[in-house]
1. Using bins 5 angstrom wide from zero, how does P(r) for segment 269-353 break down, in % of all Cα pairs?
2. Residue separation times 0.36 nm, minus the C-alpha to C-alpha distance between A226 and A166: what's the value?
3. If I stretch the segment between Q213 and L301 completely, what's the gain in nm (0.36 nm per residue apart, minus their alpha carbon distance), one decimal?
4. R0 = 56 Å: FRET efficiency of A177 with K316, Cβ-based, nearest 0.05?
5. If packing is taken as the average count of other Cβ atoms within 10 Å, what order do 314-326, 337-349, 255-267 fall into, highest mean first?
6. For segment 160-262, give the magnitude of the charge dipole about the Cα centre (Cβ charges: +1 Lys/Arg, -1 Asp/Glu; no others), in debye to the nearest 20.
7. What does the charge count near N287 come to, summing +1 for each Lys or Arg and -1 for each Asp or Glu among other residues with Cβ under 14 Å from its Cβ?
8. Treating each Cα of segment 160-262 as an identical point scatterer and ignoring solvent, apply the Debye formula and state log10 I(q)/I(0) at q = 0.16, 0.18, 0.23 Å⁻¹.
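What follows is calculated from the coordinates using simple rules that are stated; it is not laboratory data. Every value quoted in this text rests on a predicted model; they were computed, and no experiment measured them. No Cβ is skipped: glycine too gets one built from the backbone with ideal geometry, and neighbour counts run over all protein chains shown.
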Amino acid sequence: MSLINQVLNRLEQRGAHTAPDQNLIRAVPMRRDTRWNKGLILAILVLGVAALATGLLAGKQNKQTKIEAGGIVTPMRTVEATPAAVPAKIMQPAAKMSFELGMPPLPDVLRTMNDPVPESAPLVAGIAPEQAPVLKVEPRPRPTPVVRPESAPPLKKISPQQQADAEYRKGLQARQAGHVPEAIAAFEAALKTNERHERARLALAALLLDNGQSAAAERVLRAGLALKPVQLALGMALARMQVEHDELPQAVDTLQTYLPQADNNADYQAFYAALLQRQQRHKEAVNHYQLALRTQPRNGLWLMGYAISLQASERKEDAQLAYRQALATRTLSPELSAFVQQKLKEISLDSPK
């Protein structure tokens, strides 16, 4: 017999029918009310599922049910518990899930991306555990990051100076490796890119001179001196090359040509003074030594040359002071120091007593 027929039979046995029209109610055989009974069972199942969902969403816990002998589900006692009144330690998985679902929803920015799925589903009276609906909390999809195509880095522009520097370094490497033709070609390439590359021009001239091509070296230096403004280092290099070829007058003329641009160049002034001294032009040499020593007053070599020209110009006291200053710098070689001491003795012997 169906569940509803059992209930009706019990009511008849207890005399629950007091109204006249209630005598018309009789137990109907199951075969005559099959569709109605199936509909009632389906309704009960739907109500059970709805009660489960309601309990989960409302956060109600500790609901105890009692199934009577006739199969009617009668609630015995319902205890309402607020989320704060339920200790977290004693919560079962199902009650913990109801507690969490009963809390106010978090803002979207604070909501976790992957919420844990409960280990066991809550039991529903009259429904087997495997048939009970399981609340599935699906993780929110992570937003797909927008990948913007990166623009290609702009090509770095190389200046003529940088290209010339690269060729100059290549030439130095080739020269150190003993590859003279490759070194010459690299220095020439540097000058072709930047004709004012002073170091490349000096290196090319020195390499040509070392390999017996003095005329070519001189042409390279003079070509650089033709540029404006004048590169004084090239003039000094040309004058030094001329001195090595015993062309002292030509060397002096070379330095004198570019002398107006060398007022503040101490090296140029000292070199020119030394060449004048070799020509016995001591008074002129003294003036240019003084210009050089204004910038580097403790250059021992220049002080010695200055003292020599002072002594030759009959300025013995000034020469004696300059010699002593040269020794005080402690930058002279032992040979030059001995030379200076000898000159000091000569001056002291010539001095009137």
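1. Over segment 269-353, the share of Cα pairs per 5 Å bin runs 3, 17, 28, 25, 20, 6, 1, 0 percent.
2. Between A226 and A166, full extension yields 19.2 nm more.
3. Difference between extended and current length: 28.5 nm.
4. 0.55
5. Top of the packing list down: 314-326, 255-267, 337-349.
6. Using only the charged Cβ atoms, the result is roughly 340 debye.
7. Once all neighbours under 14 Å are counted, the net charge is +1.
8. Summing over Cα pairs of segment 160-262 leads to -0.67, -0.82, -1.16.
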